[in-house]
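Student: Here you go, one structure.
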Amino acid sequence: MSLTLPGAPLSGRPAGAFNGDVNAPAHLLYFEPAHKRIRAEFGGETIVDTTGAHLLFETGILPVYYVPETDVRTDLLTRTDHSTHCPVKGDAAYWTVSAGGRTAENAVWGYPEPIAPWLKGFVALYWNAMDAWYEEDEQVFGHPHDPYSRIDILKSSRRVKVSANGEVLAESARPVMLFETGLPVRYYLPREDVRLGALEPSETTSYCAYKGEASYWSHGSEDVAWTYEAPLREAEPVRDLVCFWNEKVDLEVDGELQERPASRWG
């Protein structure tokens, strides 16, 4: 999902190997230009409109857009008394956004005297506090798109068997395999190869910036699988297929039981 999340090269726990020692600090920051026009809307107003956004990659955290203060509607911001401290970024100041008769309290933050000097003059906004975000003219959901994250979706003839507590939930020789940067391989199975009678539709939903909105299936009291019924264009090949959490079920591929990964990012 990012350069800095577990399994990624700059996470401190890379999945691969380097040809030398990489002595990165335990709490790493990496700041680079986004090269996109970025906009954020709230209360019927455009709060941010910039071509100068940067992405901040930080160990264990999804990348965050930092935007120049000069490209923010500061007339809609009110400084608050709230503050936080980060040992690698410094003391953060906060602003509340007010627009269209609504407020988003402490939704904007910045570092007036940052430890990392290149953060000076930039602020960030809580993603979910805004009504909408756009990269160029396309609305983006969930979180910023990461230029170092991608998905590959490939048809396969591997034999996949999924079980939970000794009960077989699915068997298929026609999985669609989804490879996503920094995440476990996911096996999407045709519904005809899944014993849907053993599953119940769940009220749980989630949103992926690359795949879209997922609806979930439960087995017993636990969500164990999900489906993208209306995926984003990059994930169109997995439309209506069922994918099980590798972390929650027993997954066999070509007769070999797979080790359960630690990650629960889908």
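The values are calculated or read from the model by the stated rules, or taken from the named source; none is laboratory data. As the structure is a prediction and not an experimental result, all values here were calculated from the model. Please note: Cβ atoms are built from the backbone with ideal geometry, for glycine as well, and neighbour counts cover all protein chains shown.
Student: Please determine whether any residue of the stretch 187-198 is within 22 Å of Gly7 (Cα to Cα) and either free of Cβ contacts under 8 Å to residues at least 12 places away in the same chain or not assigned by TED's automatic domain parsing to the domain that holds Trp127 (or both).
Tutor: The answer is yes, given that some residue of the stretch 187-198 is within 22 Å of Gly7 (Cα to Cα) and either free of Cβ contacts under 8 Å to residues at least 12 places away in the same chain or not assigned by TED's automatic domain parsing to the domain that holds Trp127 (or both).
Student: Related question: Tell me whether the stretch 66-85 contains one or more residues that are aromatic (Phe, Trp, Tyr) and out of contact with any Leu (no Cβ under 6 Å at 6 or more places or on another chain).
Tutor: Looking through the stretch 66-85, none of the residues is aromatic (Phe, Trp, Tyr) and out of contact with any Leu (no Cβ under 6 Å at 6 or more places or on another chain).
Student: Could you check how many residues of the stretch 214-266 are over 19 Å from Asn165 (Cα atoms), at pLDDT below 95 and either assigned by TED's automatic domain parsing to the domain that holds Leu169 or not in a loop (DSSP other than H, G, I, E, B) (or both)?
Tutor: Number satisfying all stated conditions: 3.
Student: Is the stretch 225-240 home to any residue that is under 20 Å from Pro6 (Cα atoms), surrounded by 14 or more Cβ atoms within 10 Å (Cβ to Cβ) and touching a Leu at 6+ places or on another chain (Cβ under 9 Å)?
Tutor: The answer is no, given that none of the residues of the stretch 225-240 is under 20 Å from Pro6 (Cα atoms), surrounded by 14 or more Cβ atoms within 10 Å (Cβ to Cβ) and touching a Leu at 6+ places or on another chain (Cβ under 9 Å).
Student: Sort out which residues of the stretch 133-187 are within 24 Å of Tyr30 (Cα to Cα) and among the β-branched types (Val, Ile, Thr), and write them in order of number.
Tutor: The answer is Val140, Ile151, Thr181.
Student: Moving on. How many residues, within the stretch 169-183, are among the hydroxyl-bearing types (Ser, Thr, Tyr) and modelled with pLDDT under 95?
Tutor: Total satisfying the criteria: 1.
Student: Related question: Scan the stretch 1-60 for residues that are aliphatic (A, V, I, L, M), part of a loop (DSSP other than H, G, I, E, B) and buried (at least 20 other Cβ atoms within 10 Å of the Cβ) and report the count.
Tutor: Looking only at that region, the number is 6.
Student: When you scan the stretch 160-206, how many residues do you find that are on the phi > 0 side of the Ramachandran plot and in contact with a strand residue (DSSP E or B) (Cβ under 6 Å, 6 or more places away or on another chain)?
Tutor: 1
Let's see how each residue does on (1) among the basic types (Lys, Arg); (2) in the same structural domain as Glu180 (by TED's automatic domain parsing); (3) modelled with pLDDT of 95 or more:
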site: Asn23; (1), (2), (3): no, no, no
site: Ala40; (1), (2), (3): no, no, yes
site: Asp71; (1), (2), (3): no, no, yes
site: Arg79; (1), (2), (3): yes, no, yes
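Student: Restricting to the stretch 105-127, name every residue that is over 18 Å from Asp49 (Cα atoms) and not in a helix (DSSP H, G or I).
Tutor: Of everything in the stretch 105-127, those that are over 18 Å from Asp49 (Cα atoms) and not in a helix (DSSP H, G or I) turn out to be Glu105, Asn106, Tyr111, Pro112, Glu113, Pro114, Ile115, Ala116, Lys120.
Student: Pairs please, first residue from the stretch 161-176 and under 13 Å from Val224 (Cα atoms), second anywhere and part of a loop (DSSP other than H, G, I, E, B), Cβ atoms under 6 Å, 6+ apart in sequence or on different chains.
Tutor: Partner pairs satisfying both residue conditions: Val162/Val249; Ala164/Val249; Leu169/Arg195.
Student: Residues that are buried (at least 20 other Cβ atoms within 10 Å of the Cβ) and more than 16 Å from the chain's Cα centre (by Cα): does the stretch 191-213 have at least one?
Tutor: Yes, the stretch 191-213 has at least one match.
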